[in-house]
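First up is the structure itself, then whatever we jot down about it.
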Amino acid sequence: MKVLIIEDDPLHRSYLSEAVRSALPECLHVIEAENGMIGERLARENKFAHVVMDLQMNARNGIEAARTIWKERPDTRILFWSNYADEAYVRGVSRIVPAGAAYGYVLKSASDDRLKLALRSIFIESQCVIDREVRGLQQRSLGTSNGLTDSEYEILVDIALGLTDRAIATRRNLSLRSVQNRLQRLYEKLDVHHPGTGAQEENRFNLRARAVSIALLRKLLNYSALERAEAELSDWMSSH
């Protein structure tokens, strides 16, 4: 067995290497990469390696690296090891996991035993392991009354990128009325309209900007999510 560690912090790489060797005596080779770009290359060169990776890295973040690795080898088992349980990261990971893939999402605050258990569960037993805090975010995001549906989240990202209603309608193959209806539901779920302020609210705030601001404060969006969305928008614009 080979395990590829993709982590930009040298101390964290060393810690992960020790954890892998302790949890997985079956592991004969531990390979290390300092960022996602190098990680993609090493994953390509070591075709049967399992992967442990950080999410927030320079050069290429973990979501982009995992997307490439899974595109080339959908059966790769990946454990995401991150400081962040932000909904933006959780959604980013959920969007790229291939059907049937064994993967995990464990926070760096988890205990040594928790990390080792996750390594064995994913890499040996092919089970998915998601930390409780992360799992809670996933459940709240799956169309519940308080969570954003995927379509509402897409609208949120599009307005954060500065797209007009008409541009969103064109990009998402929606009618203008559908876009506006989803915007209203988004405003309601983000509580953009504060109770008790009445009709003056719309004169005090730009509702789109207010929605993006609240989303950033609640960690529904972050830099990585917007960077990824900007790249996707550029690809879409170049093809239309």
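Contact map, region 1-25: first residue at negative phi, second residue in a strand (DSSP E or B) and acidic (Asp, Glu), Cβ cut-off under 7 Å, separation 6 or more or different chains; pairs are ILE5/GLU32; ARG13/GLU32; SER17/GLU32. Is region 136-145 home to any residue that is modelled with pLDDT of 90 or more, out of contact with any helix residue (DSSP H, G or I) (no Cβ under 6 Å at 6 or more places or on another chain) and aliphatic (A, V, I, L, M)? No - not one qualifying residue is present in region 136-145.
Could you go through region 210-217 and let me know if any residue there is over 22 Å from GLY92 (Cα atoms), of a type in the set (Lys, Arg) and either crowded, with 16+ Cβ neighbours inside 10 Å or at pLDDT below 90 (or both). Scanning region 210-217 turns up at least one residue that is over 22 Å from GLY92 (Cα atoms), of a type in the set (Lys, Arg) and either crowded, with 16+ Cβ neighbours inside 10 Å or at pLDDT below 90 (or both).
Restricting attention to region 19-38 and to residues that are in contact with an Asp or Glu (Cβ under 7 Å, 6 or more places away or on another chain) and in a loop (DSSP other than H, G, I, E, B), the residue that is least open to solvent (accessible area, probe 1.4 Å) turns out to be ASN35.
Going by the structure shown, is ALA66 open to solvent by less than 40 Å² (accessible area, probe 1.4 Å) and in a helix (DSSP H, G or I)? The answer is yes for ALA66.
Does region 83-104 include one or more residues that are farther than 17 Å from ASP9 by Cβ, modelled with pLDDT of 95 or more, open to solvent by 40 Å² or more (accessible area, probe 1.4 Å) and not in a strand (DSSP E or B)? Within region 83-104 (the criterion being farther than 17 Å from ASP9 by Cβ, modelled with pLDDT of 95 or more, open to solvent by 40 Å² or more (accessible area, probe 1.4 Å) and not in a strand (DSSP E or B)), the answer is no, since none of the residues qualifies. Of these, LEU55, LEU4, LEU16, which one is at pLDDT below 95, touching a strand residue (DSSP E or B) at 6+ places or on another chain (Cβ under 6 Å) and either closer than 26 Å to GLY100 by Cβ or in a loop (DSSP other than H, G, I, E, B) (or both)? Step by step, each of LEU55, LEU4, LEU16 is checked, and only LEU55 is at pLDDT below 95, touching a strand residue (DSSP E or B) at 6+ places or on another chain (Cβ under 6 Å) and either closer than 26 Å to GLY100 by Cβ or in a loop (DSSP other than H, G, I, E, B) (or both).
The values are calculated or read from the model by the stated rules, or taken from the named source; none is laboratory data. It should be emphasised that the depicted structure is a prediction, and the values quoted were computed from it without experimental measurement. Here Cβ is always computed from backbone atoms with ideal geometry, including for glycine, and neighbour counts include all displayed protein chains. The accessibility values were calculated without ligands, DNA or RNA, using every heavy atom of the protein model including side chains. Shrake-Rupley method; radii C 1.70, N 1.55, O 1.52, S 1.80 Å.
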